[in-house]
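Following: one structure in structure tokens, then a few remarks.
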Amino acid sequence: MTHASVQALYDDKRGSAEDALALVRDGDRIVVPTGVGEPPALLHALSAQRLRFRDVKVAQILALRKYAYFDPDTSDHVRHQALFFGPASRAGGQAGWIEFLPNYFSELPALIGRGQIAADVVFSMASPMNEHGFFALSLGADYTMAAVAKARAVVLEVNPNVPFAHGQCHIHVSQVSALVESAEAIMEVGLPQIGPVQEAIGKYVAAMIEDGSTLQIGYGGIPDAVVMQLTGKNDLGIHTEMIGDGILTLVESGVVTNRRKTHLPGKMVATFALGSKKLYDFMHHNPMLEMHPVDYSNDPAIAGLNDNLVAINATLQIDLLGQCGSESLGHLPYSGTGGQVDFVRAANRSRGGKAIIVLPSTAKDGTLSRIVPVLAPGTHVSTGKNDINYVVSEYGVAQLRGKSGRQRARELIAIAHPDFRAELRRAAATMHIL
């Protein structure tokens, strides 16, 4: 198609957010990308007109803004469906009026492709169209690209602040049902604060990362504390689900070169972005970075092709056998499985790989141990006993893979807070573990 013809298509499909709502039918599921890939103009319009709909679901893995349809009184009209709980959706999930769809992040495209999770409509942020008629869904390729292939209607919110990234994140104007233009700044998410506990954990983890390793590292105080300890490393690579400002810091310092990656050398791989305007600007037409759907970025068989893959993920609680409760507080949902198990398994497949689970030793101002004899009743197990490898607290490193229950208990008690070690030993003896 010529530039004139694609521009004519663009102009024909351009309209208001309110006009685009005519594409939504009662009973539809609207699929929205991760985090800052969510389109605010479209979702505010949907919120404002939610009473005209019946049984419309908005499915998303990490909602950042609490739109007006996050409302139990109107949930029969439009309601959020969580693929992962975050600050906007957690309270509704715990109260029971926001539904949760359990999933491994890497498998969401397959669930959509098989029709197990319906994708009737897609609402997504997008970059401006290039001369060939393509937009980039660079802020969240994730499961959205799979939803585009299945949806009856695709609506893009085109924003000049969205980067045009490389990778499998492009959609042609001919695939689009409606276009809405906006120009507000992309939501920025700052780096978390780091305390002495996070710093201590970061030092232990950083000592385990060798020159030439490829990293999967997420958002949070502990991952950022790890990043701060890596400035003396050389030739690190990135194959991750989230690209954020911590990784950008390593790139700018020359630590990340991707030269020694054994899969896609020279390239960073991610599936969604969460950070600052500086990060989004860095992503624009940058040949060093590729944004791919999550069934590529998080597939253990693909990510595990990287030798020396180090996967760093956090948990809320771990029992003496090594079972991680990373997504709930007892029976109350807190987050979701996300990509934790994907990358634990990827690192276990990787030649020289290290799957690392991190956690502070205590919670609630030191009154509760996060290392426990058994998980709290109702806890959602994320990483299981057969996948767990390294566990790191501020008191050291436990290596569990290939070890017996007795050996695991000893390793974990050794990195528990000293105030709880005797109690854990007594419990382990009662359970005939020690």
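The values are calculated or read from the model by the stated rules, or taken from the named source; none is laboratory data. Keep in mind that what you see is a predicted model, and the values were worked out from it rather than measured. Quick note on the areas: whole protein, heavy atoms, side chains included, nothing else; ligands and nucleic acids left out. Shrake-Rupley method; radii C 1.70, N 1.55, O 1.52, S 1.80 Å.
Among 26, 295, 142, the order of accessible area from largest down is 26, 295, 142, computed with a 1.4 Å probe on protein heavy atoms.
For region 5-19, backbone phi angles converted through the Karplus equation (6.51, -1.76, 1.60; θ = phi - 60°) give residue-by-residue couplings of 6, 5, 5, 5, 4, 4, 4, 5, 9, 6, x, 8, 4, 5, 4 Hz, Gly and Pro being listed as x. Restricting attention to the chain, lysine pairs at least eight places apart or on different chains and with alpha-carbon atoms under 17 angstrom apart total 10. Measuring nothing but how far apart in sequence close Cα pairs (under 8 Å, 6+ apart) lie, relative to its length, region 1-79 scores a relative contact order of 31 percent.
Considering only beta bridges that DSSP places wholly inside the chain, some 25 percent are antiparallel.
Residues considered: 252, 157, 38. Largest GNM mean-square fluctuation over the chain, using C-alpha springs under 10 Å, is found at 252. Please check: in the Gaussian network model of the chain (C-alpha springs, under 10 Å), which one of 207, 147, 178 has the largest mean-square fluctuation. So, out of 207, 147, 178, the one fluctuating most is 207. Backbone phi angles across region 300-317, fed through the Karplus curve with coefficients 6.51, -1.76 and 1.60 (θ = phi - 60°), yield HN-Hα couplings of x, 5, 7, 4, x, 5, 7, 4, 6, 6, 10, 10, 10, 9, 9, 10, 8, 7 Hz in residue order; Gly and Pro are listed as x. Hey, what angle do you get for helix 418-430 against the long axis of the chain, alpha-carbon based, 0 to 90 degrees rounded to 10? The angle comes out near 80 degrees.
Of all DSSP bridge pairs formed entirely within region 244-367, close to 35 percent run antiparallel. Across the chain, the mean sequence separation of Cα contacts (distance under 8 Å, 6 or more residues apart), normalised by length, yields a relative contact order of 13 percent.
For the chain, the longest principal axis of the Cα atoms and the long axis of helix 340-349 meet at an angle of about 70 degrees. With the whole protein complex present, residue 331 retains an accessible surface near 130 Å², based on a 1.4 Å probe.
Using C-alpha pairs below 8 Å separated by at least 6 residues, the relative contact order for region 1-158 is 26 percent. In degrees, nearest 10, range 0 to 90: what is the angle between the Cα axis of helix 405-414 and the longest Cα principal axis of the chain? Tilt relative to the chain: about 90 degrees.
Amide H contacts under 5 Å for residue 353: 308, 309, restricted to partners 5 or more places along the chain or on a different chain, H placed in the peptide plane at 1.01 Å from N. Each part reduced to its alpha carbon centroid, region 132-186 and region 217-253 end up 27 Å apart. Karplus-based coupling profile of region 242-255, in residue order and whole Hz: 10, 9, x, 5, x, 5, 4, 4, 5, 5, 5, 7, x, 6, with θ = phi - 60° in 6.51 cos²θ - 1.76 cosθ + 1.60 and x standing for Gly or Pro.
Once you've got the GNM for the chain with C-alpha springs shorter than 10 Å, pick whichever of 422, 303, 41 has the biggest mean-square fluctuation. The residue that fluctuates most here is 422.
Estimated from helices alone, the mean residue ellipticity of the chain at 222 nm is -7500 deg cm²/dmol (sum of -39500 (n - 2.57) over DSSP H runs with n ≥ 4, per residue).
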